[in-house]
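In what follows, a single structure is set out as structure tokens and then discussed.
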Amino acid sequence: MLPFKLVYHDRYDLNLGAHVFPSQKYRLVHDSLLAEGIADATDFLAPAPARDEDVLLVHSKEYVHKLKTGTLSYAEQLRMEIPYSLELIEACWLAAGGSILAARRALADGWAANIGGGFHHAYPDHGEGFCVLHDVAIAIRRMQFDRAIETAMVIDTDVHHGNGTAAIFGGDSTVFTLSIHQENNYPYPKPPSSLDINLEDGVGDDEYLAILDKNLHRAFEQFQPGLIFYIGGADPYREDQLGGLALSFEGLERRDALVFDYARRLRIPLAITLAGGYARQVADTVRIHVGTILAARDVAQLTAAKA
């Protein structure tokens with residue numbers, strides 16, 4: 001049994017078919033956690049879909065209407081880079097509901113993880129880069145609306161800059177956004193986050209971790225959030241098809257543990273989403289995501305041991 005809850009739904013699969021984004025990974029992560037004895041059935045919670053009023057805390061009425069009625073233009077569908085379907089919309093509303101549930105459980109228990117989510121390229125009025133709804137922003141706005149938190153921090157370690165996150169929270173002093181990413185990669189342009197860490201091509205484990213540690217220290221000196229949302233990208237992996245960094249499996253797990261240890265030491269609730277991941281072997285992406293959960297387990301157990 002894990003010391004925190006995992007949020008998962010069998011319908012998280014975006015129904016993409018043959019696509020560079022392996023949306024079957026959610027089921028495979030779930031199954032691997034069970035098969036390896038890392039989690040048992042009681043560790044999982046099934047989310048309800050986000051309510052439309054939750055989604056509208058971030059996204060425009062016109063965009064939500066188009067998504068729900070299948071009336072996106074051809075250009076809007078091309079910009080998302082994934083095929084539109086009713087199954088896609090169901091999965092996106094479930095992922096947003098999952099991140100809301102993960103936020104609530106993190107605030108109650110200290111830790112939680114959504115096996116889906118992390119769709120950080122979605123904007124209020126459009127989707128792009130395989131992202132339709134910005135589940136993390138929806139969850140933060142829901143928690144703020146409910147007055148469960150006043151402030152939040154998004155720590156985004158996807159290899160691609162979190163442009164949707166930066167755009168949604170730009171100019172908002174209640175949400176601090178940190179993005180560590182490959183500079184010479186999608187998206188273009190990159191709207192400014194609160195703190196952008198622009199990495200050169202080919203950065204490996206030790207350099208990456210030193211840079212991240214320095215900037216995490218800087219971020220927490222500037223801002224004290226009531227909740228951290230961690231977007232744990234699998235795509236800084238050295239064999240990722242859409243990335244150009246060079247992290248190993250071990251380096252990625254050390255990255256996760258570094259972020260989690262800041263949350264532990266500062267006693268800030270943390271909600272995890274598992275994002276990105278386009279390794280040539282889907283099993284590698286699954287292994288990286290499972291490693292994120294293992295890193296969280298190990299750090300959360302330290303918290304429990306010292307309680």
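A quick yes/no check of all residues on (1) at pLDDT below 95; (2) within 23 Å of residue 3 (Cα to Cα):
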site	(1), (2)
194	no, no
205	no, no
259	no, yes
270	no, yes
280	yes, no
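Suppose we keep only residues that are touching a residue at least 40 places away in the same chain (Cβ under 8 Å) and farther than 23 Å from residue 186 by Cα within segment 64-86. Which one would you say is surrounded by the fewest Cβ atoms within 10 Å (Cβ to Cβ)?
Per the stated criteria, the residue is 85.
The single condition among (1) out of contact with any His (no Cβ under 9 Å at 6 or more places or on another chain); (2) buried (at least 18 other Cβ atoms within 10 Å of the Cβ) that residue 221 does not satisfy is (2).
Checked against (1) modelled with pLDDT of 95 or more; (2) closer than 25 Å to residue 137 by Cα, residue 34 passes all but a single condition, namely (2). For segment 154-178, the tally of residues that are within 19 Å of residue 255 (Cα to Cα), hydroxyl-bearing (Ser, Thr, Tyr) and in contact (Cβ under 8 Å) with a residue 40 or more places away in the chain stands at 1. For segment 232-259, the tally of residues that are part of a helix (DSSP H, G or I) and closer than 16 Å to residue 211 by Cα stands at 9. Selection of segment 95-116 for residues being in a helix (DSSP H, G or I), crowded, with 24+ Cβ neighbours inside 10 Å and not β-branched (Val, Ile, Thr) yields 95, 96, 97, 98, 99, 102, 103, 106.
Residues in segment 119-172 that are within 16 Å of residue 227 (Cβ to Cβ) and either among the hydroxyl-bearing types (Ser, Thr, Tyr) or modelled with pLDDT under 95 (or both): 2 in all.
Applying the condition of being assigned to a helix (DSSP H, G or I) and among the aromatic types (Phe, Trp, Tyr) to segment 199-231 and asking which residue is nearest to residue 153 (Cα to Cα) yields 220. Per the conditions (1) more than 21 Å from residue 22 (Cβ to Cβ); (2) buried (at least 17 other Cβ atoms within 10 Å of the Cβ); (3) of a type in the set (Val, Ile, Thr), the sole criterion not satisfied by residue 89 is (1).
Among the residues of segment 128-147, which ones are in contact (Cβ under 8 Å) with a residue 60 or more places away in the chain and in contact with a Lys or Arg (Cβ under 8 Å, 6 or more places away or on another chain)?
Across segment 128-147, the qualifying residue is only 143.
Scanning segment 53-63 for residues that are touching a residue at least 60 places away in the same chain (Cβ under 8 Å) and either crowded, with 19+ Cβ neighbours inside 10 Å or of a type outside the set (D, E, K, R) (or both) returns 54, 55, 57, 58, 59, 60, 63.
Among residues that are aromatic (Phe, Trp, Tyr) and free of Cβ contacts under 8 Å to residues at least 12 places away in the same chain, residue 123 is not included.
Is one or more of the residues making up segment 177-198 among the acidic types (Asp, Glu), farther than 28 Å from residue 279 by Cα and either touching a helix residue (DSSP H, G or I) at 6+ places or on another chain (Cβ under 9 Å) or not in a strand (DSSP E or B) (or both)? No, segment 177-198 contains no residue that is among the acidic types (Asp, Glu), farther than 28 Å from residue 279 by Cα and either touching a helix residue (DSSP H, G or I) at 6+ places or on another chain (Cβ under 9 Å) or not in a strand (DSSP E or B) (or both).
Residue count for segment 6-52 satisfying the condition of being assigned to a loop (DSSP other than H, G, I, E, B) and either at negative phi or free of Cβ contacts under 8 Å to residues at least 40 places away in the same chain (or both): 23.
So that you can scan it fast, the table gives a plain yes or no per residue for (1) modelled with pLDDT under 95; (2) closer than 23 Å to residue 40 by Cβ:
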{"site": "223", "(1), (2)": "no, no"}
{"site": "228", "(1), (2)": "no, no"}
{"site": "231", "(1), (2)": "no, no"}
{"site": "253", "(1), (2)": "no, yes"}
{"site": "304", "(1), (2)": "yes, yes"}
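Restricted to segment 268-287, and to residues there that are out of contact with any strand residue (DSSP E or B) (no Cβ under 6 Å at 6 or more places or on another chain) and either β-branched (Val, Ile, Thr) or in a strand (DSSP E or B) (or both), the residue that is surrounded by the fewest Cβ atoms within 10 Å (Cβ to Cβ) is 282.
The values are calculated or read from the model by the stated rules, or taken from the named source; none is laboratory data. Everything numeric here is computed off the predicted structure, so don't read it as measured data. Ideal geometry is used to build each Cβ from the backbone, glycine not excepted, and the neighbour counts take in all protein chains shown.
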